[in-house]
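Laboratory data are not the source of any read-out in this text; all were calculated from the coordinates shown. Here the structure is a predicted model, which means the values were calculated and not measured. Here the Cβ positions follow ideal geometry from the backbone for every residue, glycine too, while neighbour counts run over all protein chains shown.
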Amino acid sequence: MIFASLFAEVLVNKRAIIVNYEGKYYFPTYGDMIPGTTFGLDYKYETNYRQLSVFFETEGDGNWILMPPVPYDAYENDLKEDQFPPFPPSMQEKHYLGTDTVGRDIFSRLIYGFRIAIFFSLLLLGFNYVVGVSIGCAMGYWGGKFDLIFQRIIEIWSNVPFLYMIIIISSIMVPNFLMLIVIMAFFGWIGITWTMRTVTYKEKAREYTLAAKALGASDFRIIFKHILPNTIAIIVTFAPFAVSGGVVALTSLDYLGFGLPPPTPSWGELLQQGWANLDAWWIGGSVILAMIITLMAVTFVGEAIREAFDPKMHTTYE
Amino acid sequence: MSVRLDKKPFVLNITITVTIIFSALFIYSCGDEKKKTIGIAEAGTIAKDEIFKAEISKDGPPKDLRWLTNNSDPLYASPEAKKGGTFRNAIKSFPLTFRTIGPDSNTEFRSAILGNQLSLTGLHPNTMNIVPEIATHWAFGKDKKTMYFKLNPSARWSDGEPVTAHDFAYTLEFMRSKHIVAPWYNDYYTKEIDKVVVYDDYTLAVKGTKAQPDLHLKITIGPTPRHFYGQLEEGFVRRYNWKVVPNTGPYQISDIKKGKFVKFKRKRDWWAKDLQYFKNRYNVNNVIFTVVRDDNIEWEYFKKAKIDVFDMTPPKYWHVKSRTPVIENGYVYRIWFYNDTRRSPFGLYLNQDKEIFKDINVRYAFAHAMNIQKVIENVLRNDYFRLEHGFVGYGPYSNDHIKARRFDLDKVDYYMKKAGWKRGPDGVWAKNGRRFSVEILYGSEQHTPKLVVLKEEARKAGVELELQKLDPSTWYTKISESKHEAVMMGFGTSLRPSYWQSFHSDNAHKPRTNNVTNTADPELDKMIEAFRNSLDEQERIDLSLKIQEKVHEIGSFVPTSMVPYIRQAYWRWWRLPEIPGTQESKSLFGSFDSATGGLFWYDKQLHEETKKVMKKKDKLPPVTIIEETFKMTF
């Protein structure tokens, strides 16, 4: 799914994949915008490829165009005369899941929204783990005063109401993608720290660590070469659940209106629209379905990883 | 290990503390329940000699004054109106205080209290002439600073005390006091109003600090019950939080339940009930404001007839939510009432302090790149109207020849090329590495759909819009500090256009002013100054038209849309006059306002009849009234 979403531009886009115009090939998907005049149209702004394809068909000059399966991007408003969005799903117009309240294609917004959400939570996971695992390991390994002080710091830190902080911060400035990750990671690293601390304590007491120490290995080497590989099972097992947590967190922030700025495609914003327009069932319905599928997939992957990394099978004592 | 052990008593402590707090809260809330009518009917217990009394002027008013009154303007209340009934409104939140002044007092509910406070004189909502309120006669002094008033001797406070000239002198004393903690009012009543001169109990003069046109708009102050407040002192704010202050208007608060409702009761023997412009108005016996925090819930209450009127101006309600049995079966009527009042200058304000908008061609191009027509047609269901400029609805002061710049790709091209910009590879205009990308600030979710359409359309014109929705207070700070590029917002209006605050260089490049476009144009400055200093009405009108042209020429404001009407739904037993409102009406079911309020009445017979029909689930013909008496011409 993630892999497919990387090529969303080819699957779901208002730009055509290939245009054959007077013997020349154009690939508008990636790259600069091609003004309408290039294809013999009378405007200078970006070509409307859907209209162009109708135009080519009626002309019948052998020009052809290959549109993506869903010929809408996540931002454009497909509005009609005498009718007001949201429009219900329509196979004929290729709005497979209908449009939202300003006429944007829901399927398209779901796909692009998914890509943003999943990468958001993967990156967030990365940040959290780097900080959380290193601090957790350090606490477990050195113990003593260092451990004690950090325990208190974490206790204080974890009492800061995380959601309020984000709401306050994002009402002062509109956060962008990276900033939102940093803010969330700021409060998100705590969870894994406790686990890592405990596990490291356990591993530290084992003979192989003692042996490594006796051989004169440095602390750094012991932590990263010996202890970390033995705790990897735990880290990896937690990961998928953290990913689904990240997706949910971003969606709920967007739902509340404190996430990424509009018009970024986002599930939370769609959910919000769905709630406000309950009679337009296709909005709420599609988001909820998409969320169920994604979160279930992530959880199944998580289960699989957990089984694959069963510590009984993968403990390495070096 | 010792650390772990230490924790337990701590946790226990917390539990105990929490329990104590909760039980305290419980006890407190129980107590509160019993005292629900705190503050009500607590009359002033001020000793007689402590009551404020102004010095009586020995000279008496000038002999050659020409006393004016007004009993010839058309009446707008219906002679058919009958008294009776209870009218239920919804308010979003319970007022934080009943004070109309000081901290936390600026809430939506304040208008309900102030609506029951009459002033010396009022304005007729259709003719805009002065009409009597507490004063029966008035006269203009030769210095163009002073107005003289004769009071109606029958005027009474709600506690039966007569209203005298001293009460108006006391208003000045009150408003200038430090104890009311209202710096804006302290300042206003010092800088705008010089003094109140009392000649006898029923004759007074109010003197402004400077000669000015439309003097009556500034000078007509209201009375303040001096026998109620007495000597002001420290702690005023807390002491008067929930006190019901005597008033001069048709209703007074009679019952409240904190957090739930406020009930106003009609005064059966109101002193002004038979006065010319108040006759047949304020017909309902009780007006109840119930707290309903959410629009959707309010709509449900309305459909159950627990609330009598619902505001249907937003297209969503008028077109979509109206498809509901109570309306289709004709139990609820809908009315679309065009009013003709000043329109908020709503639109995009471009900050000329930013490099990009210093060039007039770029400002013009920006205006031509905004496809507002498409927004109106496709998002706002053609229900809104294009705002042509920032000063629509000021009568002769509005320049109706000005037309806003329309969406026009050729013109964008023309102006951008003139400014020396070129289209970049992504189709957006660029010059010296700077793309024509503009950050648009706005403060409310409801503008998002309009802005996303504008954004997509602007792309065609080679302009990129970045939308930034911020929390209102942050948004305000950012504008005040002039950090914005463009902002979508509106302003309130006053009876005459106020150019100085929005377009004079005095207010440009400074924090916390209303000149958000940072307009500083010497020629415009001169005209604005002349406008402010002129005492001649015709000259002011001429200048006003010219100023508006100049503002249009500068092009730092892109007007968007306006709503020149109100739409409401109401249960059919509520009746309205033949012309259901006035030119100025912002609601047809306003209960109090001295100019536009209290025109509707309750029809008991219709109510009984409707109840019977509803019981039998019969249908009545659905009714939608479209009332265009005051429709503006475009």
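Could you give the Stokes-Einstein D for segment A:194-318 in µm² per second, using the C-alpha Kirkwood radius, 20 °C, 1.002 mPa s? Show your work: numbers first, answer last.
Details: Rh = 17.7 Å.
In µm²/s, the coefficient is 121.
Given Cβ point charges of +1 (Lys, Arg) and -1 (Asp, Glu) and nothing else, what value in debye, to the nearest 20, does the dipole of chain B about its Cα centre take? Kindly include the intermediate steps, with their values, before the conclusion.
Values: 98 positive and 78 negative charges, 401 e Å.
Result for chain B is approximately 1920 debye, rounded to the nearest 20.
Treating only the Cβ atoms of Lys and Arg (+1) and Asp and Glu (-1) as charged, compute the dipole magnitude of the protein assembly as shown about its Cα centre; round to the nearest 20 debye.
Dipole size: approximately 2260 debye.
Between segment B:562-619 and segment B:87-112, how many Å separate their Cα centres?
Taking the Cα centre of each part, segment B:562-619 and segment B:87-112 sit 23 Å apart.
Compute the label zone of B:Arg435 within segment A:32-69: residues whose backbone N is under 20 Å from the point 7 Å along Cα-to-Cβ.
Once the point is set 7 Å along Cα→Cβ of B:Arg435, A:32-36, A:44-48 turn out to lie under 20 Å by backbone N, inside segment A:32-69.
Where both residues lie in chain B, what percent of DSSP beta bridges are antiparallel, nearest 5?
If I count the DSSP bridges inside chain B, around 75 percent turn out antiparallel.
Mind checking the angle between helix A:228-256 and chain A's longest principal axis? C-alpha axes, 0 to 90 degrees, to the nearest 10.
Tilt of helix A:228-256: around 40 degrees.
Residues with amide H under 5 Å of B:Glu466's amide H, sequence separation 5 or more or different chain, H placed in the peptide plane at 1.01 Å from N; which?
The list, which skips near neighbours in sequence, is B:Val438, B:Glu439, B:Ile440.
Order of B:Tyr202, A:Tyr25 from fewest to most other C-beta atoms within 10 Å?
Least to most surrounded, the residues fall as A:Tyr25, B:Tyr202.
Find the relative contact order for chain B and round it to a whole percent, using C-alpha pairs within less than 8 Å whose residues are 6+ positions apart.
It rounds to 18 percent for chain B.
Which percent of the Cα-Cα distances in chain B go past 46 Å?
Percent of Cα pairs beyond 46 Å in chain B: 27.
By how many nm would the segment from B:Tyr414 to B:Lys586 lengthen if fully extended, with 0.36 nm per residue of separation less the alpha-carbon distance?
So the extension gain works out to 57.7 nm.
How large is ³J(HN,Hα), in whole Hz, for each residue of segment B:480-492 in order, when computed from phi with the Karplus curve 6.51 cos²θ - 1.76 cosθ + 1.60 and θ = phi - 60°, using x for Gly and Pro?
Using θ = phi - 60°, the values come out as 4, 8, 6, 9, 8, 9, 9, 9, 9, 7, x, 10, x Hz.
Can you tell me the order of A:211-222, B:338-349, B:483-494, A:27-38 when each peptide is scored by its average per-residue count of other Cβ atoms within 10 angstrom, highest first? Please list the in-between numbers first.
Working: A:211-222: 12.2, B:338-349: 21.4, B:483-494: 18.0, A:27-38: 14.4.
So the peptides A:211-222, B:338-349, B:483-494, A:27-38, ranked by packing, come out B:338-349, B:483-494, A:27-38, A:211-222.
Once the Cα gyration tensor of chain A is found, what semi-axes does its equivalent ellipsoid get, as square roots of 5 times the eigenvalues, in whole Å, sorted largest first?
50, 23, 17
How many lysine pairs in chain A, separated by 8 or more positions in sequence or lying on different chains, have Cα atoms less than 19 Å apart?
Lysine pairs meeting both conditions in chain A amount to 13.
Run the quick spin-label model on B:Lys619 and A:Asp61: label points 7 Å from Cα toward the beta carbon, then report their separation in nm to one decimal.
Going by the 7 Å Cα→Cβ label model, 5.7 nm.
Counting Lys and Arg as +1 and Asp and Glu as -1, what is the net charge of the other residues whose Cβ lies under 13 Å from the Cβ of B:Thr474?
That works out to +1.
Rank by packing, highest mean first: peptides A:103-114, B:280-291, B:174-185, with packing defined as the count of other Cβ atoms within 10 Å averaged across residues.
A:103-114, B:280-291, B:174-185
Relative contact order of segment A:107-314: what whole-number percent is it, with Cα pairs under 8 angstrom and at least 6 residues apart?
On the way: 203 pairs, mean separation 63.6, N = 208.
Taking the mean separation of contacting Cα pairs over the length of segment A:107-314, I get 31 percent.
Between A:Val301 and A:Asn176, what FRET efficiency comes out of the Förster formula 1/(1 + (r/R0)^6) with R0 = 30 Å and r the beta carbon distance, rounded to 0.05?
0.55
Go through A:Gln272, A:Tyr141, A:Phe177 and say which Cα lies farthest out towards the positive end of the charge dipole of segment A:107-314; charges sit on Cβ, +1 for Lys and Arg, -1 for Asp and Glu.
A:Tyr141
Given segment A:146-239 reduced to its alpha-carbon atoms as identical point scatterers, what log10 I(q)/I(0) does the Debye formula return at q = 0.11, 0.18, 0.25 Å⁻¹?
-0.48, -0.92, -1.23
Dipole of segment B:125-229, Cα-centred, from +1 at each Lys and Arg C-beta and -1 at each Asp and Glu C-beta, to the nearest 20 debye?
400
Given A:Phe241, B:Pro396, B:Pro345, which one lies farthest toward the positive end of the charge dipole of the protein assembly as shown, if we put +1 on the Cβ of every Lys and Arg and -1 on the Cβ of every Asp and Glu?
It is A:Phe241, whose Cα lies furthest towards the positive end.
Give the separation of the Cα centroids, segment A:87-166 to segment B:217-264, in Å.
Using only Cα atoms, the two centres lie 51 Å from each other.
Out of B:Val487, B:Leu451, B:Tyr414, whose Cα points farthest toward the positive end of the dipole of chain B (charges: +1 Lys, Arg; -1 Asp, Glu; placed on Cβ)?
Farthest along the dipole direction, towards plus: B:Leu451.
From the P(r) of segment A:17-67, can you give the percent of Cα pairs sitting at distances over 15 Å? Could you put the intermediate results ahead of the total?
Values: 492 of 1275 pairs.
Value for segment A:17-67 (Cα pairs over 15 Å): 39 percent.
Kirkwood hydrodynamic radius, segment B:150-230, all distinct C-alpha pairs: what's the number in Å? The partial results should precede the final answer.
On the way: mean 1/r = 0.0748 Å⁻¹.
For segment B:150-230, inverting the mean 1/r across all distinct Cα pairs yields 13.4 Å.
In terms of Cα to Cα distance under 20 Å, which lysines are near enough to B:Lys258, apart from those fewer than 8 places away along the same chain?
B:Lys34, B:Lys35, B:Lys36, B:Lys92, B:Lys243, B:Lys306
Computed from the mean reciprocal separation of all distinct C-alpha pairs, what Kirkwood hydrodynamic radius does segment B:347-562 have, in Å?
Radius from the Kirkwood sum: 17.8 Å.
Taking R0 as 25 Å, what FRET efficiency do you get between B:Glu55 and B:Leu232 from their Cβ-Cβ distance, rounded to the nearest 0.05?
Rounded to the nearest 0.05, the efficiency is 0.85.
If you take the alpha carbon radius of gyration of the protein assembly as shown and divide it by 2.2 N^0.38 Å, what ratio comes out, to two decimals?
Working: Rg = 34.3 Å, N = 952, 2.2 N^0.38 = 29.8 Å.
In units of the globular-protein estimate, the protein assembly as shown measures up at 1.15.
With axes computed from alpha carbons, what is the tilt in degrees of helix A:49-59 against the longest principal axis of chain A, rounded to the nearest 10 within 0 to 90?
Result, in degrees: 30.
If packing is taken as the mean number of other Cβ atoms within 10 Å per residue, what is the order of B:428-437, A:188-197, A:236-245, A:157-166, highest first?
A:188-197, A:236-245, B:428-437, A:157-166
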